[in-house]
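Everything on this sheet refers to the single structure shown next.
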Amino acid sequence: MTLLDFARGPALQGAAFIFVVGMVWRALGLLLLHRNTPLSRNRDNHLARHGFRTVLSRFIPAPVFERRVSFQYVAGWIWHLGFFVVLLFFKIHVMFFQGLLGFGWPTLPNGVVVAVAGITLGVLLWLLGRRIVNPVLRYISTFNDYSSLVVTMLPFITGFLAFAHYGFAYETMLALHILSISLLLVWFPFSKLIHVITLLPSRYILGVKFWRRGVQA
Amino acid sequence: MRPDLNEVLRRRAAGTGNMVLVLHEVSHALDRLARTGETHVIDLSSLPMTPVELQQLIASLGEGEVRAVIEAEGRSEVTETGFSGVWLVTHRDTDDMLRGRYIEITPLPEILRSQDADIRAAAARLARKLDQISDLEEAS
Amino acid sequence: MIRRQQTLGERLEERGISRRSFLKFCTTTASLLALPPAFAPRIAEALESQRRPSVIWLSFQECTGCSESILRAGSPSIESLIFEAISLDYHETLQAAAGHQAEAAREQAMAENMGKYLVVVDGSVPLGNPGFSTVAGQSNVETLKRVAKGAAAVICMGTCSAFGGIPYAKPNPTGAVPVSEIITDKPIVNVPGCPPIPAVMTSVIAHYITFGSLPELDDLGRPKVFYGQNIHDRCYRRPFYERGQFAQSFDDEGAKAGWCLYKLGCKGPTTYNACAVLKWNEGTSFPIEAGHGCLGCSEPNFWDKGSFYAPLSTATELGSGTVAAGVLAGAVLGAGAGYAGRKMQEKGKAGPFEAPPVADAGQKENS
Amino acid sequence: MTEVVTKQELDEAFAMFYGMAASLKDLASPPVEVADEERVAAAKRVFLKGIDANFATQLDACVHCGACAQACQFYLGTDDPKYTPVHKLDLMKRVYDREISPLSWLKKFIVKDITADDLRAQQELVYDSCTMCGRCNLVCPAGINIADMVALNRSALAAARLMPDELRFMQEGQEADGTIFGADEDLFRFRMDALQEKLGFEIPIDKPKADVLLVTTGLDIHLFQDATGGTIETLHHMGVDYTLRSDAYEGANFGLLSGHEGTKKKMAAKLANAAIEVGAKVVIVPECGHAFPALRWGAAEALGKPVEFDVMTVSEYFGKAVMDGRLKLEKDKEPRVVALHDPCKVGRWGGVFEEPRAILKAIGWELHETESNRAYNFCCGGGAGNFLIERANPLKRAGYRVKMAEIEKTEAKTLVVSCGSCRMNFEVGKVNAGDTIPVESLAAIIAAHLPKKEGAKA
C-alpha cells in the first residue's frame, strides 16, 4: 500500500470516524449537562429572537472596540472565509465532495482559489507570528493554540505544494495533503477547534443573558 | 453545442511556454560556439511542447542555406536554420516514423560527416573494385 | 556457435548497415536513456566491441501483450537493431524450435553463459496450484528459480512480472506474485506497463551492454530515466489542469477542447512512466492524447485502486457507513460523558459551601 | 431641595469614613486555619455546582484571541498580560476539563489538578484585578460570559476561605449583623431621625403595608446622606406610599461581592421577605451598584421561587417617573455640562441606561457622553467591593485613570453617578490623582430640582 493509498483509504476514513465521534461526543456531552435557569423576571420577552441577534451582531466588533480589536476580527474573517472558499469552491475539492456526497456545485477558477489560499495562509502565518510576538497572546497561548494553528495551516501548505507540484512527488504531496487533513480532522474535536460548534451557541447564551437584563448587547 | 475550434486552437497554442526557453538555450549555446568553438546538442524530445509550439520554434529558427537528406535505416534530415551554426536534425525510421529531433549547435553535424569506419570500409571496397577492374582488364 | 562470437560492429558491417545508421541508433538510444546526446559515441563504441549477451525470455501468467509490444512484428524499426546486439536464445512464442528441442536450446544457452545471461520475464508467477501455469511439465516458479540461478540480471517486462499485475489483483485466485518475491539474490529491473513501452527494454539492454551495469533504478526497481517523472508533469494537457479546466464527461465541450482529464479519473499525476514523452505506436499518441485518462497501468496494484473513472483526490473507503458508525460511537461516548458530567455537577451541590476549618484551630465557624 | 448635608460635612465624613475603610484589614479577625485539601475540595464543589451547560459551552468556545484584554481597564491601565480577562478562567477551566467536560476521561491525564497554591494565586486575578464589570463580555467574539465566571471564581475562593481580609471582614460582619460598616439599627434610626429633622416631614419606618419598600445602605447611612435624603425627599414629593424597614434597610450584599453564597442568599432573602411582608409592588434599592443585581436578579434565586415585586434602583425608579410624566423636574437656568457614569451593575448588568439620561434631560443639563457609554461603559475602577481591598490600590488607580481619561475628554464639569461605591472610588481616585471634578449623586440632583410648590402627584 502506497502512502497515497493509505491516505485516501484508511487514514481519511479513520480520521473522519474520529472526527464524527469526537464532535458528537462533545456536543452531546455538553447538551446533557445540567443547565441553570434563572428564576428572576426577565426584562425582555423575545429572548430567543434577541439571542440570535447577538449571535449575528458579534460578527463585527462594537464601534467602541473597533480601534483596538478590528484587526483581529478582520483577520479572523479573512482566514475563516478563505478557508471555506478554498475548501468548498476549489474544483478538485468539489470533486472530492462529489465522490463522497454524490453531487457537486459550481466552483471558482483556480487562479482565484490560489489567490485566496495564499491570502489565507498569509493571514494564518501572521496570526501565528502575532501570537508569538504580542505579549497578551503569548501570555495566554498554550500548546492547544499553537498546535491548532499549525494543524490548520498544514493543509494549506501541503495543498499548495501538491497543486504547484513542488517538494515531493505529486502523489506524495497529495498523500501528505490528505494526511494533513486527516490530522486536522482528528485534532478538531479534541482541541479549541471545537469552537466551531460552541462559539455561536456561546454567543446565544450571552445574548440571552444580556437581553434578559434589558441590555442590547 | 460545438466548441469554437479556433478558440480551442488558440488556447492550445498558449502551450507549455518551453519554446522561449529552448530559444534562450540555443542563443547561449551559439554564443559559446562563437567564442570557444564548444558544440552543443539539445534533445527536443526531452522537453514537453505542444505541436503548435514546436512549429513555432522551427518557424522562428527559419531556414538556412544547407538542406541534406541521409538515407540510413530510414530517412534523416539535416537542415541549417536561418542562424548559421544552428542545425535541425530529424531522425526517422524505416517506417518514416519520427525517432528523434535535435537542435545541434555546431559548424557541422556529426551525422553529415562520412564516418571513419565507413571510410575505411569504403576504401577497402573501392580497392577491391579497382582490383576487379584491373583483373578484368588483364583478362581482356 | 560461431555467430555468437561476433561483435555487433562486425555483424553490422557484414550486413552492410552503415556506421551512420548505427550512429543514429545510438543517438536516439542516448536520448531515450535521457543521457546527453554527447553519450552517443560511447554507446556506439560499447555496442560495437562487446560480445552479444545471451537472453532467455520466460513467459508465465501473461497475455503476450508485452512480447507484442517489444517486437512490433509488423513494423521492423531501428529498434530491431537491438536484436542484432543480443542473442535471444529462448522465447517460446518466437523461437522456431519446439518441444524438447526448445528446452534443450535453453539449457545449452544457460550452460554456455552461466552467470552472464540476461533473463527477461513477462507474466506473474502463480504460487497456488502449480498446475495453473506450467511449461514442459515444470511449474513457473521452478522454471524461474532454475533459470534465474545463473543469470546476471532479471528484467521484468510488464506489470505482471514486475508487480503482479492483473493476475495479482484481488482476489488473486492463482496466488500470483511478482518475480521480485521469488528471486531475491539477483539484480532485477522492473519495466512495468500494460504493456510497457518497447524502447524501454532496448534502452535497458543498450545500457547494460554499454556500461556493463543496469541503469539507475528507483525504489520500485524501475529505470529512473523512464519512470522518474509522472505522466501528469509531462502531459500536454497540463496547462488545462493549472487553469482548472477539466473535462466533466467524455463527450462534453471540455473533452472536445482537450481539457485535463483529472476529473474523469486520469491517474497521470500518480503514474510514473514516459508515455507522455515517448508515446505509443511509433510516437503517434498515448491514451491521454486519445482522450482517455491514464489508468496508471505501470503502478503497483493499479487494478485495485478504485474506479478508473474516480478522481485521484477522492476518498476510497470513507462513506456513509463510517459517518453512521461515528455518530453512533460518539453518541454513546457523549451520553456517557454527559451522564458523568451531571453526576459531577450533582456532587458539587452536595457538601458544605465552605471548607471546614482545622478542628483544633478554635476559630469561629460561620458557615 | 433640603440640604441634608453640607459640602464640608460631607468632606469630613468622607475623610473619617475613608480612614475607617482603610483599616478594615486590621479589623478583620485572623483567618481560619483550613487544611489545603479542604480548600481545594470546597473550591471544586463550587466550580462543579456552578459550571452548568451554559458555562461549559462558553469555556469550550474560547479561541484565546486575546480581544478581552482590549476591553479590560486593568489590562489597559497596566499593560500587564496577566490581567487578560480570559486568563482568569484558566483555573476554572482546569477543573472543568478534569471533572465535567465531555472529554474529562482524556483530559484527566493531561490537565493538572488544581492546588491550594493555585487558589491563592488566583486571588489577585479575580478579586484585585477584576470588578466583574463585564466589559470583556461585550468584546468577546465568542460571547463568553467571563465576568460571571469570575464571580464563580470568587465563590470558589470564598468557599476555600481565601477571600481578601477586607471582604471577609465585611462578609462576616454582614453575616452576623445583617449590615455593613457597623450601621446597625440604632445608627439607622439615628440617621433617619436626623434626616427627618432636616427634611421637615416624617419618614415612614416599619409601616405594615406600603406600595414601595425603600432600602438604604450602610455607606449612605454613614456617608452619602445626600443620596438617601434626596431619594426620600423625592418619594415624599411624589406622594408615593413607601416605607423603610428597621429590619431590612441594608441593601448592600457582601455575600455577592465576596462570593460567599450563604451570605448572599441570606441577605437577598431577608429583603425579599420584607418586601413580601409589606406587600410592596416595588423595592427601591439605594444608589448602591451591587444592591440592585443582588435583589433584582438574586431575590428569586435566594427564595427558590419567582417573586412578585419589582426591584428598581433609584435612578431607574425616578427616571421612569420622569419619562412617563409622574415626576416633573425644574430645568436649571444655566445648564451644567456633565458626564454620566453608568455603574456596571446597574447599567451593563441591569439595563438601566435611558432613565438617568431622561432625568438629566428633564433638568436641562447638557450631557457629554463618554466615548464608552451605556453598556460599554468603563467601570469606576473599584467596583465589586474592590474599593475596600487595600493591596489592590495600584490597580484601582490604573483603572481609575482609564475611566477618568474618558471623562476628561468630554470636558464635562461635573460627573453624575448613581452608585455609592463608584462615587466612593471616584473620590478616592481624585484624591490620589489630584483631580477636582465634582462627583454628584443623581438622587441628590433630582431632589435639588423638585418643583418648589407641591404640584406633581404620583
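Throughout, read-outs are computed from the coordinates displayed, never taken from laboratory work. Because the structure is predicted, anything quoted here is derived from the model rather than measured. Cβ coordinates were reconstructed from backbone atoms using ideal geometry, including for glycine residues, and neighbour counts include every protein chain displayed.
Taking other C-beta atoms within 10 Å as the exposure proxy, A:141, C:67, A:70, D:418 rank A:70, A:141, C:67, D:418 from fewest upward. With the charge dipole of chain A set up from +1 on Lys and Arg Cβ and -1 on Asp and Glu Cβ about the Cα centre, the Cα lying farthest toward the positive end among the listed residues A:62, A:88, A:182 is that of A:62. Considering Cα pairs under 8 angstrom that are at least six residues apart, work out the relative contact order of chain A and quote it in whole percent. The normalised contact order for chain A reaches 39 percent.
Here the protein assembly as shown is treated as an ellipsoid with the same Cα gyration tensor; its semi-axes, largest first and in whole Å, are 94, 32, 23.
Across peptide A:181-191, the average count of Cβ atoms from other chains found within 10 Å of a residue's Cβ is 1. FRET efficiency for the residue C:169 to residue B:96 pair, using the beta carbon distance and R₀ = 56 Å, is estimated at 0.90. Neighbour counts of other Cβ atoms within 10 Å put B:45, D:129 in the fewest-to-most order B:45, D:129. Dipole of segment C:263-306 computed with +1 at Lys/Arg Cβ and -1 at Asp/Glu Cβ about the Cα centre; of C:297, C:268, C:278, farthest Cα towards the positive end is C:268.
Take each residue in D:138-150, count the other chain C-beta atoms within 10 Å of its C-beta, and the mean is 6. Residues of segment A:185-202 falling in the label zone of residue A:80, defined by backbone nitrogen less than 16 Å from a point 7 Å along Cα to beta-carbon, are A:192-202. Cut-off 16 Å, label point 7 angstrom out along Cα-to-Cβ of residue A:147: give me the residues of segment D:105-138 whose amide nitrogen falls inside. Counting only backbone N, you get D:105-112. Each peptide in D:379-388, C:199-208 gets a packing score, the mean of other Cβ atoms within 10 Å over its residues, and the list from highest to lowest is D:379-388, C:199-208.
Relative to the Cα centre, the charge distribution of segment B:5-108, modelled as +1 at Lys and Arg Cβ and -1 at Asp and Glu Cβ, gives a dipole magnitude of about 380 debye. In segment C:229-317, the C-alpha radius of gyration followed by the widest Cα-Cα span (Dmax) gives 12.3, 40 angstrom.
By the count of neighbouring beta-carbon atoms within 10 Å, fewest first, D:234, C:64, C:284, B:39 end up ordered C:284, C:64, B:39, D:234. Counting only Cβ charges, +1 for Lys and Arg and -1 for Asp and Glu, the dipole size of segment D:152-302 around its Cα centre is about 560 debye.
For segment C:265-275, putting each phi into the Karplus relation 6.51 cos²θ - 1.76 cosθ + 1.60 with θ = phi - 60° gives couplings of x, 4, 9, x, x, 10, 10, 9, 6, 9, 3 Hz, in residue order, rounded to whole numbers and with x for Gly and Pro.
Taking the Cβ of residue D:83 as the center, what net charge do the other residues with Cβ under 10 Å away carry, scoring Lys and Arg +1 and Asp and Glu -1?
Here the count lands on -2.
Considering only B:86, B:37, B:49, the residue lying farthest towards the positive end of the dipole of segment B:5-108 is B:49, judged by Cα position with unit charges set on Cβ. Spin-label model, residue B:28/residue D:109: points 7 Å from Cα along the beta carbon direction are separated by 5.7 nm.
Comparing Cα centroids, segment D:63-138 and segment D:391-434 end up 26 angstrom apart. Summarising the strand pairing of the protein assembly as shown, around 45 percent of its internal DSSP beta bridges are antiparallel.
Net charge in the neighbourhood of residue A:146 (other residues with Cβ under 15 Å of its Cβ; Lys, Arg +1, Asp, Glu -1) is +3. Basic side chains Lys and Arg get +1 at the Cβ, acidic Asp and Glu get -1 at the Cβ, and with that the dipole of segment A:1-97 about its Cα centre reaches some 460 debye. Contact order for chain B, expressed relative to its length and based on alpha carbon pairs under 8 Å spaced 6+ residues apart, stands at 19 percent.
For the residues of D:92-98, the average number of beta carbons from a partner chain within 10 Å of their own beta carbon is 1.
Between residue C:343 and residue D:194, the C-beta separation translates, for a Förster distance of 51 Å, into a calculated FRET efficiency of about 0.35.
For the protein assembly as shown, adding -39500 (n - 2.57) for each run of n ≥ 4 DSSP H residues and dividing by the number of residues yields -15000 deg cm²/dmol at 222 nm. Among the chymotrypsin sites (Phe, Trp or Tyr not before Pro) found in segment D:129-225, those both in a DSSP coil and sparsely packed, with 15 or fewer other Cβ atoms within 10 Å of their Cβ, are D:201. Roughly speaking, what % of Cα-Cα pairs in chain C are separated by over 32 Å, rounded to a whole number? For chain C, the share of Cα pairs beyond 32 Å comes to 47 percent. Across chain D, the relative contact order, built from alpha-carbon pairs under 8 Å that are at least six residues apart, equals 18 percent.
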